[in-house]
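Please read the structure below before turning to the comments.
The values are calculated or read from the model by the stated rules, or taken from the named source; none is laboratory data. These figures come from a predicted structure and were not determined experimentally. As a convention, Cβ positions derive from the backbone with ideal geometry for all residues, glycine included, and neighbour counts pool all protein chains shown.
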Amino acid sequence: MNPESRNCGDDPAAAGSLSNATSEFGLKNTDLLQIPKKVTKEKFMDENSDPQAAADSAKDHVKAAAQDFKTAASAKADEIRRAAQKKADELRVAAEGKAREFRGTAESAWSDARSRARNWQSDGEAYVRENPAKAVLIAVGVGFLLGLILRK
């Protein structure tokens, strides 16, 4: 094979990597530059007999190709950014919903604990009023035990 006439279409590995690159980034083959199948040195030189003009033409072609690639990459980056922003918004909404759910559960648990404490307090007060002597003896015994424990 003539090295001057070789292009991506002649190399299956290069064509496969180009196909993988386009599918990985969600680009279609039509999004990329249209590369002719065979461009030979002779054909290029026939079209541009002046070497300086040929070099300038090639340079302009490369610049245009780079600009097209930059535009396509920029558009794809914007698309990815929008998709990421949309996903972030969805996750934020889901997190806020879970936070509200957990807050409601915590408020309910706190309310239940407060009402139980009030019930225990009122039950204790009622027991002391019904059995004052027993309550005093229990309080003295508990105080004595705490004094012994804390003394050491």
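Pairs please, first residue from the range 112-127 and under 23 Å from I138 (Cα atoms) and in the same structural domain as I138 (by TED's automatic domain parsing), second anywhere and surrounded by 10 or more Cβ atoms within 10 Å (Cβ to Cβ) and among the small types (G, A, S), Cβ atoms under 7 Å, 6+ apart in sequence or on different chains.
Y127/A135
List the number of the failed condition for V136; all other conditions in (1) modelled with pLDDT under 90; (2) surrounded by 10 or more Cβ atoms within 10 Å (Cβ to Cβ) hold.
Failed condition: (1).
Are there any pairs, at least 6 apart or on different chains, whose C-beta atoms fall under 7 Å, with the first in the range 53-71 and without any contact (Cβ under 8 Å) to a residue 60 or more places away in the chain and the second surrounded by 11 or more Cβ atoms within 10 Å (Cβ to Cβ) and of a type outside the set (A, V, I, L, M), and if so, which?
A54/F44; A54/N48; S57/N48
So if I check each of A55, A21, A14, which one is modelled with pLDDT of 55 or more, surrounded by 10 or more Cβ atoms within 10 Å (Cβ to Cβ) and among the small types (G, A, S)?
A55
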